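*Asks:* What follows is a single structure, and I will ask about it in a moment.
The values are calculated or read from the model by the stated rules, or taken from the named source; none is laboratory data. As the structure is a prediction and not an experimental result, all values here were calculated from the model. Cβ atoms come from the backbone with ideal geometry, glycine included; neighbour counts cover every protein chain shown. Keep in mind that these areas ignore ligands, DNA and RNA; they rest on the heavy atoms of the full protein, side chains included. Shrake-Rupley method; radii C 1.70, N 1.55, O 1.52, S 1.80 Å.
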4 protein chains.
Amino acid sequence: MNTKKAHPPFQPISNNDFTSALRDQILIRVERDYEEFNKTHTFNFPTWLYGPPKGKLFKVEVEDCPRFGDKAFVEFDSGRTAFLSIDMQIDFCGPKGYVDVMGYDLGLTSAPIKPIMSVLHTIRNGTDIKVIHTREGHLPDLSDAPYNKVLRSKIIGNGVGIGNIPKGGLGRLLVRGEKNWDIIDDLYPIPGEYVIDKAGKGAFGHSNLPSILNNLGITHLVITGITSDVCVHTVMREANDYGYWCTLLKDGTGATDYGNYQAAIKQIKMQGGVFGWVSDSHKFVVAVKSAFKMGLT
Amino acid sequence: MNTKKAHPPFQPISNNDFTSALRDQILIRVERDYEEFNKTHTFNFPTWLYGPPKGKLFKVEVEDCPRFGDKAFVEFDSGRTAFLSIDMQIDFCGPKGYVDVMGYDLGLTSAPIKPIMSVLHTIRNGTDIKVIHTREGHLPDLSDAPYNKVLRSKIIGNGVGIGNIPKGGLGRLLVRGEKNWDIIDDLYPIPGEYVIDKAGKGAFGHSNLPSILNNLGITHLVITGITSDVCVHTVMREANDYGYWCTLLKDGTGATDYGNYQAAIKQIKMQGGVFGWVSDSHKFVVAVKSAFKMGLT
Amino acid sequence: MNTKKAHPPFQPISNNDFTSALRDQILIRVERDYEEFNKTHTFNFPTWLYGPPKGKLFKVEVEDCPRFGDKAFVEFDSGRTAFLSIDMQIDFCGPKGYVDVMGYDLGLTSAPIKPIMSVLHTIRNGTDIKVIHTREGHLPDLSDAPYNKVLRSKIIGNGVGIGNIPKGGLGRLLVRGEKNWDIIDDLYPIPGEYVIDKAGKGAFGHSNLPSILNNLGITHLVITGITSDVCVHTVMREANDYGYWCTLLKDGTGATDYGNYQAAIKQIKMQGGVFGWVSDSHKFVVAVKSAFKMGLT
Amino acid sequence: MNTKKAHPPFQPISNNDFTSALRDQILIRVERDYEEFNKTHTFNFPTWLYGPPKGKLFKVEVEDCPRFGDKAFVEFDSGRTAFLSIDMQIDFCGPKGYVDVMGYDLGLTSAPIKPIMSVLHTIRNGTDIKVIHTREGHLPDLSDAPYNKVLRSKIIGNGVGIGNIPKGGLGRLLVRGEKNWDIIDDLYPIPGEYVIDKAGKGAFGHSNLPSILNNLGITHLVITGITSDVCVHTVMREANDYGYWCTLLKDGTGATDYGNYQAAIKQIKMQGGVFGWVSDSHKFVVAVKSAFKMGLT
């Protein structure tokens, strides 16, 4: 065998005919979609990429896209769409939970409840849109809680942190199985919906969420939950890196600080939608109802 | 074999003696560290968790911790600390790059350059602190670029997006191997430093960064780079979920919008430091120089 | 800013003074451990790497290491060791389960039961060795089951595959929540032990197993379960890639084919232990009992 | 808000109408494909799952499927197929490399070279089948090499392990950038092909391989390389868990021990093809040539 190396170690960083051909295919299509977008302001569901629709196509208006003051539309295939309700747990929006103990305003984190209820009600009324709930929490022995997380929560909670029971509380903060850890009744999952338990702010790294989304053929995500700047943003960022087309419903999310909530919304819109798009529950519900011929009540 | 099941499927959600014992061990220690923190306002390097220091211990002041107006200290083991310089590429802070083409103010994203230079200079002057650089970019044939990412960049760039060459530009935007994709000269890696190439905003999912950090025994990260609200935040969130003790140097980072920059800083400080802590290059450099007995110039 | 690039894109593939220093540190230590090994035939628990022992140190004899016919010892720190019992489910070793329906000999996959019982009994008798059980199975709606997996099981099961109920069976094959999916009674987890549910043959990719192992500071794994060549090997390979020191207890595992079982054992031993080491339940139990001063009954 | 919990924590382990509906959809289809398979012995490319073919459909004969003595066919969409050449590096099949130093027979690991050349030649002759090469190796400073891996290689190599230069060797064993680490000339990647560098036996965990496969819409993998029982099997297992339809070309792979090679082939065939299927380079080449109307020379 000839072991004389005639070339330096192969690095996929070469600009040549073959690579150009593949790249140019993509750029030609992007050019076409760009021109199309300039006319229609719509991100059409890309059947060329994913195949023919599995469900019903519908368009949702998104705001400040591509620039502030503009509006655009994102087209969904209901059969490839999943709705995410992130961490709507008592610990984050209910009395005596994790966030309450830290002294934050539950009015802010509970504000998304009614909008999310409205969306769930619509989705559950005969659509094929998948629903996925997440819960952040730790094993009862805290073996999956990074120590710095436990310590910081103890400090900010004035001695009551992860694993402790607040005075008058329902159970140990942020611990799986405790009443305060579970999803609030108004948004409780129903059979057929998915629940992802996660020990961190993100959800893609250490759960079967990627498997489920992949097997279900999901391409587009509609994101709600709490808190806007922590778990919601982290999950949206992960999903976006995975290539999902993500849309946040801004009234379906809230943060522990109103300024951070506003910034979280704004940050998504930068760069023409660096993490995806922003819409609201009304626009989404109207679009779904129309597609599925539901009465607009 | 007895196949009669005497119990429901085992769920690790049981509050019983053994689990309590493990949990209580952690809570007892947290209680002790909490009381210690109230006296010293210091997050000591936890030798009980990681072992004796490998390098030199030094403390860095962090701001607004646990609450706005407070200050605290984080103690580092230089032998277990890595400094991250995230995406200091021409594409993000130089003329005719990705961010410039979108019309953003390069003054904002280039502001961190001098502070990062200062920190690198200090670290490189005989310390054992590891240095890791990241670069965001795509393979020349764009096979690792999600289509929605390419399309959105095309739109916001007025027809010049990922893979295109801006007029008067150095090369194809955000493509590996192109001049604009590489790290700016002032912050260029030197031998012995690590470079992680990533196709997304995050870095932990699809690179060998976790392996390297793990093998090097890193526990604490010092984070700088651009942009504050996009890649820096995404990497910090990932690292925090992995249990790393993360500190952002706020003058070592910048965003495409000043309000978003400020919000990105503030978001870290919520909940007593939900993603870690915030300090600045001066405080960090002074602490390192003192530990390594360098002159304070 | 100076954008003139004086060097090609930084690639961490350079052989220079600084990199050599880091590499040589490792090679010097390896040289020393190599010479030590030649004298003692022992892989000492590396306190230089992980810190002082958290529990008790004990040595277990491993076979055919480094070469066939040799024997060696692996030293464990009980406080950093986890025992894995992989997929000891009715579906894999009990009547009318997944493996039985395929027509394989349950005698082979049930052979490990008594040895695993013996090890669990010893570990549960006052040691600090962690115990982790895994279960392979799919969500009841099969949304996390790759289609080719479901189809192949249907074919080999003569019409009865994943999700179907065999005649006289306990429930739907390989579906979470079904009696046949759960761990057999003799090896059922007790409180304080961990249970990892996985949808595939591997366990590290889509579960919180890495988080738990990391937070618990585990370095060494003792592996048993079924089947040797499928899930046991896949998990061992993953763990080995993560840097865990893995030892398979050969009588604590079985396969659907005896030749494959033997090959699975042999494959581990190649290259001086490419995936780790091989020992047996007796050697392990004797070593643990001795370390914890238990009677040798 | 009503915080009274009317139900225990939601666990997706419920057998009810809605879940049944989703599951039954899958089982109905599997029933149909099962009956179809009984007639045609073909695993048709599932357009219902992935969409219409992007390239050309072609069938490849696979052996011992579903049972030993049977034969079947797997249908590929060339536009969604990737060919993997795993670790065909001098270190594994050339003189003075990693495997040679351990004393193994290079005849076994170099046997796949000609078959792989034949397949590459065919694929490169105008097809749209993607080609992906992998290389196992470590950073020059060994920071991504688990210590036990370095130590074991030192021992089995009689003092010459990872990072060392064998007498008369080309460079440091298994180190990126060294001549011995690179792919042999006969199988060297050409522009347009992908190269994945990995530090372990597996490839999916810490590289951008998942991103690339996902973005390229790959569904079916054709696997070759070395060694059969180590990296090839590990990658095939990972891919299979991800849902890829995997076929190993048995003459395109080799191991350090012939018995282990045979067992590696056999292990894939168990359970109707637990990790996928087995074919050979001739069958594959004939099928591709026929589909692309190439002369059968």
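*Asks:* Kindly list the number of the only condition in (1) more than 20 Å from the chain's Cα centre (by Cα); (2) open to solvent by less than 10 Å² (accessible area, probe 1.4 Å); (3) free of Cβ contacts under 8 Å to residues at least 60 places away in the same chain that fails for B:ASN180.
*Replies:* Exception for B:ASN180: condition (3).
*Asks:* I'd like to verify a number: residues in region D:243-297 that are acidic (Asp, Glu) and in contact with an Asp or Glu (Cβ under 7 Å, 6 or more places away or on another chain), how many?
*Replies:* Selection size over region D:243-297: 2.
*Asks:* Quick check on my filter: what residues within region A:214-230 are buried (at least 24 other Cβ atoms within 10 Å of the Cβ) and not charged (D, E, K, R)?
*Replies:* Within region A:214-230, A:HIS220, A:LEU221, A:VAL222, A:ILE223, A:THR224, A:GLY225, A:ILE226, A:THR227, A:SER228, A:VAL230 meet the criteria.
*Asks:* Which of the residues that make up region D:42-59 are of a type in the set (A, V, I, L, M, F, W, C), part of a strand (DSSP E or B) and more than 9 Å from every other protein chain (Cβ to nearest Cβ)?
*Replies:* D:LEU57, D:PHE58
*Asks:* So, A:GLY79, is that one at negative phi, out of contact with any strand residue (DSSP E or B) (no Cβ under 8 Å at 6 or more places or on another chain) and not β-branched (Val, Ile, Thr) or not?
*Replies:* Working: at negative phi: yes; out of contact with any strand residue (DSSP E or B) (no Cβ under 8 Å at 6 or more places or on another chain): yes; not β-branched (Val, Ile, Thr): yes.
Yes: the conditions hold for A:GLY79.
*Asks:* Show the residue pairs meeting these rules: Cβ distance below 9 Å; 6+ apart or different chains; first residue within region A:202-227 and farther than 17 Å from A:ASP87 by Cβ and free of Cβ contacts under 8 Å to residues at least 40 places away in the same chain; second residue in a helix (DSSP H, G or I) and of a type in the set (Ser, Thr, Tyr).
*Replies:* Partner pairs satisfying both residue conditions: A:ASN215/C:TYR147.
*Asks:* Oh, and also: Test C:ILE162 against the criterion of being touching a residue at least 24 places away in the same chain (Cβ under 8 Å) and assigned to a loop (DSSP other than H, G, I, E, B), and give yes or no.
*Replies:* Here the answer is yes, as C:ILE162 does meet what is asked.
*Asks:* Further question: Could you say whether any residue in region A:99-115 is open to solvent by 20 Å² or more (accessible area, probe 1.4 Å), part of a helix (DSSP H, G or I), under 19 Å from A:CYS246 (Cα atoms) and away from chain B (no Cβ under 14 Å)?
*Replies:* Checking region A:99-115: at least one residue is open to solvent by 20 Å² or more (accessible area, probe 1.4 Å), part of a helix (DSSP H, G or I), under 19 Å from A:CYS246 (Cα atoms) and away from chain B (no Cβ under 14 Å).
The rows are residues; the columns are (1) β-branched (Val, Ile, Thr); (2) more than 16 Å from the chain's Cα centre (by Cα); (3) within 28 Å of D:LEU108 (Cα to Cα).
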site: D:ILE223; (1), (2), (3): yes, no, yes
site: D:THR227; (1), (2), (3): yes, no, yes
site: D:VAL230; (1), (2), (3): yes, no, yes
site: D:GLY243; (1), (2), (3): no, no, no
site: D:LYS283; (1), (2), (3): no, yes, yes
site: D:VAL288; (1), (2), (3): yes, yes, yes
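*Asks:* Continuing with this model, one more query. Which of the residues spanning region D:60-82 are out of contact with any helix residue (DSSP H, G or I) (no Cβ under 6 Å at 6 or more places or on another chain), surrounded by fewer than 20 Cβ atoms within 10 Å (Cβ to Cβ) and part of a strand (DSSP E or B)?
*Replies:* Of everything in region D:60-82, those that are out of contact with any helix residue (DSSP H, G or I) (no Cβ under 6 Å at 6 or more places or on another chain), surrounded by fewer than 20 Cβ atoms within 10 Å (Cβ to Cβ) and part of a strand (DSSP E or B) turn out to be D:GLU63, D:LYS71, D:GLU75.
*Asks:* Could you check region A:189-208 and list, in sequence order, the residues that are over 16 Å from C:PRO210 (Cβ atoms), assigned to a loop (DSSP other than H, G, I, E, B) and away from chain B (no Cβ under 14 Å)?
*Replies:* Selection gives A:PRO189, A:ILE190, A:PRO191, A:GLY192, A:GLU193.
*Asks:* On to the next question. Can you find a residue that is over 18 Å from A:VAL62 (Cα atoms) and facing another protein chain (nearest Cβ under 10 Å) anywhere in region A:264-276? Let's see the steps before the verdict.
*Replies:* Restricting attention to region A:264-276, the residues satisfying the condition of being over 18 Å from A:VAL62 (Cα atoms) are none.
Looking through region A:264-276, none of the residues is over 18 Å from A:VAL62 (Cα atoms) and facing another protein chain (nearest Cβ under 10 Å).
*Asks:* Looking only at residues that are of a type in the set (Gly, Ala, Ser) and facing chain C (nearest Cβ under 10 Å) in region D:240-263, which one is most open to solvent (accessible area, probe 1.4 Å)? Spell out the reasoning first.
*Replies:* Pass one, region D:240-263, residues of a type in the set (Gly, Ala, Ser): D:243, D:252, D:254-255, D:259, D:263.
Applying the additional criterion that residues be facing chain C (nearest Cβ under 10 Å) yields D:243, D:255, D:259, D:263.
Values: D:GLY243: 14, D:ALA255: 3, D:GLY259: 38, D:ALA263: 11 Å².
Among residues in region D:240-263 that are of a type in the set (Gly, Ala, Ser) and facing chain C (nearest Cβ under 10 Å), the one most open to solvent (accessible area, probe 1.4 Å) is D:GLY259.
*Asks:* Of all residues in region A:166-177, which are more than 12 Å from chain B (Cβ to nearest Cβ) and either open to solvent by 20 Å² or more (accessible area, probe 1.4 Å) or outside any loop (DSSP other than H, G, I, E, B) (or both)?
*Replies:* A:LYS167, A:GLY168, A:GLY169, A:LEU170
*Asks:* Continuing with this model, one more query. Within region C:116-137, is even one residue in contact with a strand residue (DSSP E or B) (Cβ under 9 Å, 6 or more places away or on another chain), part of a strand (DSSP E or B), within 12 Å of chain D (Cβ to nearest Cβ) and within 30 Å of C:ARG172 (Cα to Cα)?
*Replies:* yes
*Asks:* Just the residues that are in contact with a helix residue (DSSP H, G or I) (Cβ under 9 Å, 6 or more places away or on another chain) and closer than 20 Å to A:GLY243 by Cα, please, taken from region B:165-195.
*Replies:* B:LEU173, B:LEU174, B:VAL175 - these are the residues of region B:165-195 that are in contact with a helix residue (DSSP H, G or I) (Cβ under 9 Å, 6 or more places away or on another chain) and closer than 20 Å to A:GLY243 by Cα.
*Asks:* Give the residue that is nearest to B:HIS206 (Cα to Cα), with candidates limited to residues of region D:205-225 that are modelled with pLDDT under 90 and among the hydrophobic types (A, V, I, L, M, F, W, C).
*Replies:* D:LEU209
*Asks:* Working only within region D:215-226, note down all residues that are more than 23 Å from D:LEU187 (Cα to Cα) and within 9 Å of chain B (Cβ to nearest Cβ).
*Replies:* Passing the criteria: only D:ASN215.
*Asks:* Determine which member of the set D:VAL195, D:VAL119 is under 22 Å from A:THR19 (Cβ atoms), open to solvent by 10 Å² or more (accessible area, probe 1.4 Å) and β-branched (Val, Ile, Thr).
*Replies:* Selected residue: D:VAL195, the only one of D:VAL195, D:VAL119 that is under 22 Å from A:THR19 (Cβ atoms), open to solvent by 10 Å² or more (accessible area, probe 1.4 Å) and β-branched (Val, Ile, Thr).
*Asks:* Scanning for something of a type in the set (Lys, Arg) and more than 22 Å from B:VAL99 (Cα to Cα), does region B:230-253 turn up at least one residue?
*Replies:* yes
*Asks:* Let me ask something additional. Which condition breaks for B:GLY69 when tested against (1) under 26 Å from D:SER143 (Cβ atoms); (2) away from every other protein chain (no Cβ under 12 Å); (3) not hydrophobic (A, V, I, L, M, F, W, C)?
*Replies:* So the condition that B:GLY69 fails would be (1).
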